[in-house]
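See below for the structure under consideration.
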Amino acid sequence: MILAFDTSSAACTAALFDGDGECVARADEVIGRGHAERLVPMLDELLDGRKADSIVVGVGPGSFTGIRVAIAAAHGLAIGWGVELSGMSSLGLLAAGANDGGELATAVQGGHGELFVQQFSAGKPTSDLLNVPPAAAAAATPAKLVIGSGARKLVDARGWGEAREALPSAANTLKMPADIRSLPAKPIYARAPDAKAKAA
């Protein structure tokens with residue numbers, strides 16, 4: 001069985017897949033904040049006494065705190081169970097939920113009014129991951145369809161296109177290309193942290 005979960009966004013999302021890749025249990029809750037308090041009980045309810053053979057965890061980009069919560073939980077479970085752990089692109093997970101297989105852009109709200117943006121085609125990334133203001137994001141994303149929490153902001157900035165509000169769902173994990181769900185289980189922040197270390 002494969003356990004997948006992501007807390008990079010306002011959603012706390014998890015899914016369990018059997019040996020044939022069928023999703024046998026899922027949970028998707030929009031909680032905003034509080035992932036640290038909700039994730040472990042959610043996983044406990046989802047597993048219902050079962051143990052996974054491998055774990056796939058969302059590694060971002062997205063909320064600094066959310067990404068760290070998921071990765072810490074994934075490492076703890078992987079050590080406790082003695083199973084393989086890999087990371088998945090949170091934007092790739094978002095793209096996998098679009099269900100149209102065509103070209104699209106993902107846009108997720110980041111800090112300081114900026115957006116995390118990346119283009120996808122048939123589920124595969126076709127551009128670099130950027131963390132830029134809406135105007136720069138608009139110039140970098142030619143796809144008509146834009147999905148994610150920052151979709152409306154991007155489409156408004158360029159004045160055309162289709163904005164589709166969406167959050168990632170772990171139930172779409174196995175729809176992703178293998179290379180973007182076989183990443184190291186380390187955070188992809190895509191921008192520098194707000195806190196700066198003091199100069200020596």
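Here are the numbers for the structure shown:
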quantity	calculated
One residue from Leu77, Leu85 being assigned by TED's automatic domain parsing to the domain that holds Ala52, within 17 Å of Ala178 (Cα to Cα) and either in contact with a strand residue (DSSP E or B) (Cβ under 9 Å, 6 or more places away or on another chain) or of a type outside the set (Phe, Trp, Tyr) (or both)	Leu85
Condition met for Pro61 (assigned to a loop (DSSP other than H, G, I, E, B), modelled with pLDDT of 95 or more and on the phi < 0 side of the Ramachandran plot)	yes
Ala72, sole failed condition from (1) within 14 Å of the chain's Cα centre (by Cα); (2) outside the structural domain of Ser149 (by TED's automatic domain parsing)	(1)
Flag for Ser8 being assigned to a strand (DSSP E or B) and either crowded, with 19+ Cβ neighbours inside 10 Å or touching a helix residue (DSSP H, G or I) at 6+ places or on another chain (Cβ under 6 Å) (or both)	no
Residue check, Asp100 surrounded by fewer than 24 Cβ atoms within 10 Å (Cβ to Cβ), outside any helix (DSSP H, G or I) and out of contact with any Gly (no Cβ under 7 Å at 6 or more places or on another chain)	yes
Some residue of the stretch 51-73 being acidic (Asp, Glu) and closer than 17 Å to Met176 by Cβ	no
Qualifying positions in the stretch 106-149 - farther than 21 Å from Thr13 by Cα, part of a strand (DSSP E or B) and small (Gly, Ala, Ser)	Ser121
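Yes/no per residue for (1) crowded, with 18+ Cβ neighbours inside 10 Å; (2) under 14 Å from the mean Cα position of the chain (by Cα); (3) not polar (S, T, N, Q):
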residue	(1), (2), (3)
Pro142	no, no, yes
Val146	yes, no, yes
Ser149	yes, yes, no
Arg158	no, no, yes
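The values are calculated or read from the model by the stated rules, or taken from the named source; none is laboratory data. Just so we're clear, the structure is a prediction, and the values are computed from it rather than from any experiment. Using ideal geometry, Cβ is built from the backbone for each residue, glycine included, and neighbour counts are taken over all protein chains shown.
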